[in-house]
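Got a structure here, written out as structure tokens. Questions coming.
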Amino acid sequence: MKAEIIGTEDGIIGVKVIDPRGNQHLVEIDVEDEDSEDLHAQESYPLDASKRTQEQERLMNQVAARARFEAHTQTEYEILRDGWDPRQLRRGIDALENMPAEEFDEAFREYYHALINPEKTKEEYGITKDSVEFPGEPQVSLIMKGFCIDESNKVVNVLSDFCIYYSNENAEMNYTTGTFASCSDNLTQITPMIPPFKEPPGDDDFVYPEDFRGFMIHNLICQIRDIYLNMGEDPPEQYNIQGFGKGTGNFDYDQYLPWE
């Protein structure tokens, strides 16, 4: 897609986007009211979302994401959260790579154990058959663990709680429990989001903590990939790998999950 800032006035950023079909869109982003919905004007697809095809709706969402990315990277305004800015995730990768092994172990050992023993994690967070809103046994599908880095790309804080997604084949959606904690304003938040291990890794093919460090870095690389895919862009070659990233997006996600 092609995108360009066409002006900023009264706290509104205007972004013109040309989609892959050559159609023009105008997206207006209110930077003074982050809760307001962006205005998305175009004349190529039905205005009523319920009348669009699945592909048309996906393309509309990609355009909206591309416009916000352009506004974030080409103006002084902070439009995107840290986890949707590839530059910040790259800094998070650097921070993990440079952590001494003992510091990494102390910071993320609990996260590792939560992922290799999801049944115990369910028990600790009260995710039981009797407590959930759907029939059947709940299964943990994703565990998120945020950490905070400073301007020198050093991990200075690891958020204490997990955010856990759970569901099963009878659930129409993912449910969450835990805490959506955040870093202080002067720090950057990086949040790995990893599905539980299907089986605890064996000592012969997985060495903790270094292999788990690589596992977390791989997830952040895949998150960067998904940011580009989510806005209809080809990821840079070094990030175009298979694996679990953001979990959902405006693209065909299954092709990036080699274990499916």
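List the pair-distance distribution P(r) of region 167-254, using every Cα-Cα distance, as the percent of pairs falling in each 5 Å bin from 0 up to the bin containing the longest distance, rounded to whole percents.
Histogramming region 167-254 at 5 Å steps yields 3, 11, 16, 19, 19, 18, 11, 3, 0 percent.
Going by alpha carbons, how many degrees (0 to 90, nearest 10) lie between the helix axis of 101-116 and the longest principal axis of the chain?
Between the helix axis and the principal axis of the chain, the angle is about 90 degrees.
Next question. Please list log₁₀ I(q)/I(0) at q = 0.11, 0.15, 0.17 Å⁻¹ for the chain, using the Debye equation with identical point scatterers on the alpha-carbon positions.
-0.71, -1.21, -1.39
Cα to Cα, under 16 Å, and not fewer than 8 places away if on the same chain: which aspartates and glutamates meet these conditions relative to K154?
Correct list for K154: D82, D94, E97, E102, E103, D105, E106, D185.
Given the DSSP H assignment, sum -39500 (n - 2.57) over each helix run of at least 4 residues in the chain and divide by its residue total; what's the result at 222 nm in deg cm²/dmol, nearest 500? Please report the intermediate quantities before stating the final value.
Numbers: 5 runs with 77 residues, N = 260.
Theoretical 222 nm ellipticity from helices: -9500 deg cm²/dmol.
Among F244, F108, F206, which one moves the most in a GNM of the chain with springs linking Cα atoms closer than 10 Å?
Answer for the Gaussian network model of the chain: F206.
Principal axis extents for region 2-74, Cα atoms only, whole Å, descending order, please.
Sorted from largest, the Cα extents of region 2-74 read 34, 24, 17 Å.
With everything on Cα atoms, drop me the angle between helix 210-230 and the longest principal axis of the chain, reported from 0 to 90° to the nearest 10.
The two axes meet at around 20 degrees.
Could you compute how fast region 147-214 diffuses translationally, taking Rh as the Kirkwood radius over C-alpha pairs and applying Stokes-Einstein at 25 °C with viscosity 0.890 mPa s? Give it in µm² per second.
Details: Rh = 14.8 Å.
For the chosen part, D equals 166 µm²/s.
Okay, moving on. Sequence-distant or interchain residues sharing an amide H contact under 5 Å with N168, placed H: which?
Residues meeting the amide H criterion: Q139.
Cα centroid distance between region 217-253 and region 1-60, in Å?
Each part reduced to its Cα centre gives a spacing of 22 Å.
Find the cysteines in the chain that fail to meet the 4.7 Å Cβ criterion with every other cysteine, and list them.
C163, C222
Shifting gears a bit: Excluding ligands, DNA and RNA, what is the solvent-accessible area per residue of the chain at a probe of 1.4 Å, expressed in Å²?
Numbers: 14530 Å² over 260 residues.
Per-residue value: 56 Å².
Cross-link candidates for K129: which lysines have Cα within less than 21 Å, leaving aside residues fewer than 8 places away along the same chain?
K120, K198
With the full set of protein chains in place, find how many percent of the accessible area of region 1-103 is carbon and sulfur; take the probe as 1.4 Å. Please report the intermediate quantities before stating the final value.
Numbers: 2570 of 6180 Å².
That share works out to 42 percent.
Residue by residue, what Karplus-based ³J(HN,Hα) values in Hz, rounded to whole numbers, does region 146-158 have, using 6.51, -1.76 and 1.60 with θ = phi - 60° and x for Gly and Pro?
Ordered by residue, 3J(HN,Hα) equals x, 9, 10, 10, 9, 5, 8, 6, 10, 6, 10, 7, 10 Hz.
Using θ = phi - 60° and the Karplus form 6.51 cos²θ - 1.76 cosθ + 1.60, what ³J(HN,Hα) does each residue of region 71-78 get, whole Hz, x for Gly and Pro?
Working through the residues one at a time gives 5, 5, 8, 10, 10, 7, 8, 8 Hz.
The values are calculated or read from the model by the stated rules, or taken from the named source; none is laboratory data. Every value quoted in this text rests on a predicted model; they were computed, and no experiment measured them. As a convention, Cβ positions derive from the backbone with ideal geometry for all residues, glycine included, and neighbour counts pool all protein chains shown. The protein model used for the area step is the full one, side chains on, heavy atoms only, and it has no ligands, DNA or RNA in it. Shrake-Rupley method; radii C 1.70, N 1.55, O 1.52, S 1.80 Å.
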